[in-house]
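Only one structure is covered here, and it is reproduced in the block below.
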Amino acid sequence: MSEDVLTGGKINSVTRRGNIVYRTGGPWVPAVHAVLDHLERQGFRHSPKPLGVDDQGREIISFLPGESMIRPWQPVMFTDDALVQATTMLRELHDATHDLILPPETEWRGGPAGKTAGQVIRHGDLGPWNTLWEGERLTGLIDWDFAEPGPPLTDLAQLALYFVPLRGEGHWRECGFPRRPDFQHRVEVICAAYGAFGPAEIVREIVRLQETAMAEITERAAEGRYPWTMFRDNGEVERTSAEVDWLWDTLPDLFPGPS
Ligand SMILES: Nc1ncnc2c1ncn2[C@@H]1O[C@H](COP(=O)(O)OP(=O)(O)OP(=O)(O)O)[C@@H](O)[C@H]1O
Ligand SMILES: [Mg+2]
């Protein structure tokens, strides 16, 4: 049986043969597969099963059902229920990894890092494009390359950034919203579903996350590291900076309170 190319991603080569997916590998795969193994043992239902590495160094994982949520979004994404499903899944991921212990020299895609008290394993690229849906049901969370230890709030802020979405006027239009989304309501739905943080904490963390992302692109691209070189060449720093400006302009009205 030959391999079919799976499109939709921008970073890796991804192919499928039957129920198996092959993705570009790297030094981070052992850590990611240890996390995926742990998640399977914990009964987390949304991650692919890790199946090792092939003779070309590609990671092998199970194929999950569903369609990835690329833009323009499918109708379910405009509902509160989609936000609740995605946030509940994230809470389950964090609860399942809270007590996972990993050695300090563990190699992630971002570099070596241990896991300290209070940290969870973040997915690290929590966009709708990395979630799979069958109609109105969330069936999977894929593309775990950027998983690493971190605070739960950072992952939750990333989910809000991408799922509300809080990335500027052009972006929500591209997602397919017929009119300006009720940003405040959508953030509140996410807060209620996660149950540990308030809207102002999330919005402040989004700004911090975006600023960290810009610094990482600049630093890691200067070291010649892929995919940050591609992010830099594609104008991600400028785009992210514009998103942060929009957030500052838009959110004082939405989230009054100390910043
Ligand atoms: N385990 C899986 N089960 C089902 N489909 C998958 C799986 N992994 C990847 N795919 C499909 O392949 C596409 C690309 O995969 P993936 O997100 O891993 O690529 P990528 O280049 O790493 O993406 P990104 O640009 O988000 O980093 C996905 O949109 C999805 O349709
Ligand atoms: Mg992806």
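We did not get these values from a lab; they are worked out from the coordinates using the rules stated. These figures come from a predicted structure and were not determined experimentally. Using ideal geometry, Cβ is built from the backbone for each residue, glycine included, and neighbour counts are taken over all protein chains shown.
Observations
- Put a plus charge on the Cβ of each Lys and Arg, a minus charge on the Cβ of each Asp and Glu, and nothing anywhere else: the dipole of the range 4-62 about its Cα centre is then about 200 debye.
- Our coupling estimate for the range 3-17, obtained by passing each phi through the Karplus curve with A = 6.51, B = -1.76, C = 1.60 and θ = phi - 60°, is 8, 9, 6, 9, 9, x, x, 10, 9, 10, 8, 10, 10, 10, 10 Hz, Gly and Pro reported as x.
- Once divided by 2.2 N^0.38 Å, the Cα radius of gyration of the chain becomes 0.99.
- Using only side-chain charges placed at the Cβ, +1 for Lys and Arg and -1 for Asp and Glu, the dipole size of the chain relative to its Cα centre rounds to 280 debye.
- Annotation: amide H of GLY140 within the under-5 Å range of LEU132, sequence separation 5 or more or interchain, hydrogens built in the peptide plane.
- Across the range 107-116, coupling constants 3J(HN,Hα) worked out from phi with the 6.51/-1.76/1.60 Karplus curve, θ = phi - 60°, read 9, 9, 4, x, x, x, 7, x, 10, 9 Hz, and Gly and Pro carry x.
- Annotation: amide H of TRP108 within the under-5 Å range of ALA113, sequence separation 5 or more or interchain, hydrogens built in the peptide plane.
- In order through the range 71-76: 3J(HN,Hα) via Karplus (6.51 cos²θ - 1.76 cosθ + 1.60), integer Hz, x for Gly, Pro: 7, x, 5, 6, x, 4
- Positive dipole terminus of the range 100-141, leading residue within ILE121, LEU138, ILE101 (C-beta point charges): ILE101
- From the alpha carbon centroid of the range 27-43 to that of the range 218-244 is 28 Å.
- By the combined test of axial Cα extent (at least 18 Å) and Kyte-Doolittle hydropathy (mean at least -1.0), the qualifying DSSP H helices of the chain come to 29-42, 80-97, 199-222, 236-254.
- Furthest towards positive pole of dipole, PRO151, THR229, THR79, structure part the chain, Cβ charges: THR79
- Across the range 1-133, Cα-Cα distances exceeding 17 Å account for 64% of all pairs.
- Where GluC sites (Glu not before Pro) fall in DSSP loop in the range 206-250, at most 16 other Cβ within 10 Å: GLU223
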